[in-house]
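A short reminder: the numbers here are calculations on the coordinates, not readings from a lab. Predicted model, so just to flag it, every value in this text is computed and none were measured. No Cβ is skipped: glycine too gets one built from the backbone with ideal geometry, and neighbour counts run over all protein chains shown.
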Amino acid sequence: MLRMRQSNVLRMGLVMLFVTALVGFVVSGVQGQPVVGGTLVVGRPIDSITLDPHTGVSSSDTWVYSNLYDTLTRLDEKFNLQPCLATSWERVEPTVWRFHLRKGVTYHDGTPFNAEAVKFVFDRAFGRLEWPRARMVGFLGPIKEVKAVDQYTVDFVTEYPYTPLPRVMSMHWGADIYSPTAVRKWGDKYGSNPVGTGAFKFAKWVAGSEIVLERNENYWGEKPYVDRVVFKVIPEDAARTMALETGEIDILTKPSPEDIPGLKANPDIQVFETDTTGTFYFGFNLKNPPLNNKKLRQIFAHAIDTEAINAYILRGMTIPGVGLLPPMSWAWKDTGLPKRYGYDPTKVARLLAAEGWKDRDADKILEDKEGNELKVVYFSSAGRDIKDREIAVAIAQYLRDVGIKVDHQHMQWGTFISSLRTKIGEYNIWSMGWHGLMSGDPDQFLYPLIHSSQLHPKGYNRAQFVNAEVSQLLDKARTVEDEKERAQIYGKAQDILIEELPYYPIYNLVRRQAVAKHVKGFTLHQSEYKLFLDRVWLSGKK
């Protein structure tokens, strides 16, 4: 489990406020004698984009990856690092991590798992083969070279000492170990024909409807209990809840906040809760005016009532945004963000007037002295994050209420994520969740998001934020082994982020899933990107 510094009373209070009913950080279903067989149906709001980890970008993808692929290491539900396809690892030189691989493992297509297969995956990720670099390569760290020492030994050579690497190898985003044979066979169509070594193997995909996985009878570990898993797409919140209540699905991902009380009151349903690894934020594109102006970004933050959003749209089911880094992280720092940027439309009007923005023609839109309107283009999505559509509508209205002209372009998740990458010069603001604490190390959360080497579309610095001091701090934190020293370094970076404000957190996530009572063995992972179903079984499913 990620450790919380006991001296930080505020962080403990924030986390405990939302998880007082939990044992540790996870609620587990009642256990019994496992039953083999049956079909487990998971209801989710959106479909996967691809089942190729090389190009995957969403939790809708990684929920499937968690069961289809294995990684070299694995994080249990308490974020303890465990062996997986690697049985052990050690640092043999300051810049070399050595992994000893599990023997006797085969992919679903019969290809043997070995060091050359691992080398293929990471060489492909870093663009060293005929494929372009993986979208998630920024999460993998400064890997300079991967060497197959022998059939079951692999060395990862880094550009400089890189402490987090064993944890990075647990990520179901870029570190999934897939079949080289299948990638070469299917080419660009591999994302629809995935092959891993996981507890389940791919059966079929009906786009926009369902993905079906079947039990891998040749799995190297404990065999899964259910025969198959169906990931069923049900976009509407109410329809997804009804599907669970009527028995159409067995697991409901991302239940709507207003449905939580009723689900908890239903004796046939279990609601699992845990604090988690993500933050829903409102981002500023610093490449495009007018929000390349720091003062304007700070003023915009005062225009948004995050307390009302959390209270009325999210029904108090999240942790109001207290920082970009989630408070569950050992590196989280109380920066006083809510107090510094509290909702104050009167202050917004005064500060905007001081910057020369006034309503000069009584049309309720602010203009500068040349008559240019204060306007922004706002990109947002639907279905990926809890109440993302409703939150986006509220944010747009808050900005309009203070005289800002907003061109709000709302789109489905796949279109949204593509537009952020291909239309950088066309938008000023956007909102989405960032679940970057996947490995439990803050490097994976902060480095891709704010380091100057990770500017979108190469990396995930969608704000186009360039700050030499922040980048130097992040570089230094990667090389330090002592956790307390690293926390101090990250604290300095967070102080700068609150001042520069490339991102403004709306809420820190609490993960919930509603599960039918007949589903046993289910454990909710703290990582939004993990949904392990290999130990789940069905008892008396009607």
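Can you sort 143, 429 from fewest to most other Cβ atoms within 10 Å of each residue's own Cβ? Can you show the working numbers first?
Numbers: 143 19, 429 26.
If I rank by nearby Cβ atoms, fewest first, I get 143, 429.
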Query raised in the report: Counting alpha carbon pairs within less than 8 Å and at least 6 residues apart, what relative contact order, in whole percent, applies to the chain?
Result: 23 percent
Query - Calculated log₁₀ intensity ratio I(q)/I(0) where the Debye formula runs over C-alpha points of region 184-282, q = 0.19, 0.21, 0.23 Å⁻¹ - result: -1.10, -1.15, -1.18
Query - Farthest positive-ward along the chain dipole, Cα basis, beta-carbon charges - from 505, 66, 138 - result: 66
Query raised in the report: Along the charge dipole of region 275-510, Cβ charges K/R +1 and D/E -1, which of 343, 438, 324 sits furthest on the positive end?
Result: 343
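Quick one: work out Rg over Rh on the C-alpha atoms of region 275-510, Rh as Kirkwood radius.
Working: Rg = 17.4 Å, Rh = 18.1 Å.
Using only Cα positions, Rg/Rh for region 275-510 is 0.96.
With r defined as the distance between the Cβ atoms of residue 192 and residue 239 and R0 fixed at 35 Å, what FRET efficiency is calculated, to the nearest 0.05?
On the way: r = 26 Å, r/R0 = 0.75.
The pair residue 192/residue 239 has a calculated efficiency of 0.85.
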Query raised in the report: Suppose R0 equals 51 Å; then what is the FRET efficiency for residue 147 and residue 294 from their Cβ-Cβ distance, rounded to the nearest 0.05?
Result: 0.70
Report task. Would you mind checking the pairs 223/517; 347/369; 78/541 and listing those with alpha carbons more than 25 angstrom apart? Result -> 78/541
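Using only the Cα atoms of region 250-334, build the gyration tensor, take square roots of its eigenvalues as a ≥ b ≥ c, and label the shape rounded, prolate or oblate: rounded if a/c is under 1.5, else prolate if a/b is larger than b/c, else oblate.
It is prolate, given that a/c is not under 1.5 and a/b is the larger ratio.
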Requested in this report: Towards the positive end of the charge dipole of region 275-510, with charges on Cβ (+1 Lys, Arg; -1 Asp, Glu), say which of 409, 392, 304 has the farthest Cα.
Outcome: 409
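Order these by the 10 Å Cβ neighbour count, fewest first: 227, 47.
Details: 227 15, 47 23.
If I rank by nearby Cβ atoms, fewest first, I get 227, 47.
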Query raised in the report: Using a Förster distance of 35 Å, how high is the FRET efficiency between residue 88 and residue 468, based on the Cβ-Cβ distance and rounded to 0.05?
Result: 0.35
Requested in this report: Provide 418, 59, 88 in ascending order of the number of other Cβ atoms located within 10 Å of each residue's Cβ, fewest first.
Outcome: 88, 418, 59
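What does the net charge come to around residue 419 if you take all other residues with beta carbon closer than 14 Å to its beta carbon, with K and R at +1 and D and E at -1? Kindly include the intermediate steps, with their values, before the conclusion.
Details: positive: 384, 421, 423, 462; negative: 407, 426.
After counting each charged neighbour, the total is +2.
How far, in nm, would the chain grow between residue 480 and residue 410 when pulled straight, counting 0.36 nm per residue and subtracting the alpha carbon separation? Mind dumping the intermediate values first?
Numbers: separation 70, 0.36 × 70 = 25.20 nm, distance 4.20 nm.
Between residue 480 and residue 410, full extension yields an extra 21.0 nm.
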Requested in this report: Taking every Cα atom in the chain, find the radius of gyration and the maximum pairwise distance Dmax, and write them in Å.
Outcome: 23.3, 76
Query raised in the report: Counting only complete DSSP H runs, which helices of the chain cover 30 Å or more along their long axis at the Cα atoms and score a mean Kyte-Doolittle of 0.0 or above?
Result: none
**Report entry** Under 14 Å from residue 387, Cα to Cα: aspartates and glutamates that are on another chain or at least 8 residues apart
**Finding:** 236, 237, 258, 259
Query raised in the report: Hey, how many Å between the Cα centroid of region 376-403 and the Cα centroid of region 488-506?
Result: 23 Å
Report summary line: With +1 on the Cβ of every Lys and Arg and -1 on the Cβ of every Asp and Glu, the dipole magnitude of region 275-510 about its Cα centre, in debye rounded to the nearest 20, is 300 debye
Report summary line: Long-range amide H partners of residue 506, meaning residues 5 or more apart or on another chain whose placed amide H is closer than 5 Å, are 280, 281, 282
